[in-house]
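Values quoted throughout were computed directly from the atomic coordinates according to the rules given, and no laboratory measurement underlies them. Quantities reported herein were computed from a predicted structural model and do not represent experimental measurements. We place every Cβ from the backbone using ideal geometry, glycine too, and count neighbours over all the protein chains shown.
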Amino acid sequence: MSGAPEVLARFTPRRGMLVGMFLGMAMFTVAAAGTLLTVDAEALRQGPAFGRQALWLVLVACPVFGADMLARIIRRTPNLVATEEGVVLRSILGFTPPIPWPRISAITPVVIGKKAFLGIYLEDPRETLAGFGIGMRLMHVRSHDSRVANITLRAFHLGANPVEAAGVLERIRVERRAP
């Protein structure tokens, strides 16, 4: 019987946080559009190039990220899923290929700059992450060094405490690696 792999755990950001971020994206978009429509074109040309570029970047990027957040609110799409095959991460670019359990050496909470993160350590980061596209690597990967957490997620990405999430995922990892 084929089909989607069984989901063992899933971590979805809280709706309230996503709604707040969606509203923020909408406000930035409206503010950028309003500025571009009301400020004199000559004044914009004479102003700093960085200001014009930032306004256009906000006008293009915020609606895209806002639409993604709206889809996440409606669909309750998780950012991290543990399946029989391994760990799958999600971003605006879509889902990563599964990181197989045997390629994960540990999943532990880590503290970076006084903040708690869920840290995923890979056996051979370069080989494992080679299957990710450049965009996925930029979105998800913190380091290619096997001595540090290669992938990190904060509580707001998980919708859960990183310490509790690490406990659940490490238990699954140990069970999946057992012969």
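So the values come out like this:
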{"item": "Label-point separation, Ala106 to His144 (7 Å along Cα→Cβ), nm", "result": "2.3 nm"}
{"item": "5 angstrom amide H check on Arg142, placed H, neighbours 5+ away", "result": "Ile151, Thr152"}
{"item": "Scattering profile of region 50-92 at q = 0.13 Å⁻¹ [log10 I(q)/I(0), Debye over alpha-carbon scatterers]", "result": "-0.44"}
{"item": "Of the trypsin sites (Lys or Arg not before Pro) in region 1-66, those whose Cβ has at most 16 other Cβ within 10 Å and which sit in DSSP loop", "result": "Arg14"}
{"item": "Phi to ³J(HN,Hα) by Karplus 6.51 cos²θ - 1.76 cosθ + 1.60 over region 90-96, Hz, x for Gly, Pro", "result": "10, 9, 4, 7, x, 9, 6"}
{"item": "J(HN,Hα) series, region 112-127, from Karplus relation 6.51 cos²θ - 1.76 cosθ + 1.60, nearest Hz, glycine and proline x", "result": "10, x, 6, 10, 7, 10, 8, x, 10, 9, 9, 4, 10, x, 5, 5"}
{"item": "Cβ-derived FRET efficiency at R0 30 Å, Ile92 paired with Arg126, nearest 0.05", "result": "0.75"}
{"item": "Cut-off under 5 Å, modelled amide H: who pairs with Thr83 long-range", "result": "Leu8, Val88"}
{"item": "HN-Hα J in Hz across region 11-27 - Karplus 6.51, -1.76, 1.60, θ = phi - 60°, x for Gly and Pro", "result": "10, 10, x, 5, 4, x, 5, 5, 4, x, 5, 4, 5, x, 4, 5, 5"}
{"item": "Angle between the chain longest axis and helix 49-75 axis [Cα atoms, degrees, rounded to 10]", "result": "50 degrees"}
{"item": "Cα gyration tensor of the chain - equivalent ellipsoid semi-axes, whole Å, descending", "result": "37, 18, 15"}
{"item": "Trypsin sites (Lys or Arg not before Pro) restricted to region 77-142 and DSSP loop, no more than 12 other C-beta within 10 Å", "result": "Lys114"}
{"item": "Residue-averaged [θ]222 nm for the chain, counting only DSSP H segments that reach four residues, each worth -39500 (n - 2.57)", "result": "-15500 deg cm²/dmol"}
{"item": "Relative contact order of the chain, defined on C-alpha pairs under 8 angstrom at six or more residues apart (%)", "result": "24 percent"}
{"item": "Equivalent-ellipsoid semi-axes of region 1-87, from the Cα gyration tensor, Å, largest first", "result": "40, 13, 9"}
{"item": "Inter-label distance for Leu57 and Arg154, nm, one decimal - labels placed 7 Å from Cα along Cα-to-Cβ", "result": "1.8 nm"}
{"item": "Of the trypsin sites (Lys or Arg not before Pro) in region 145-179, those whose Cβ has at most 13 other Cβ within 10 Å and which sit in DSSP loop", "result": "Arg147"}
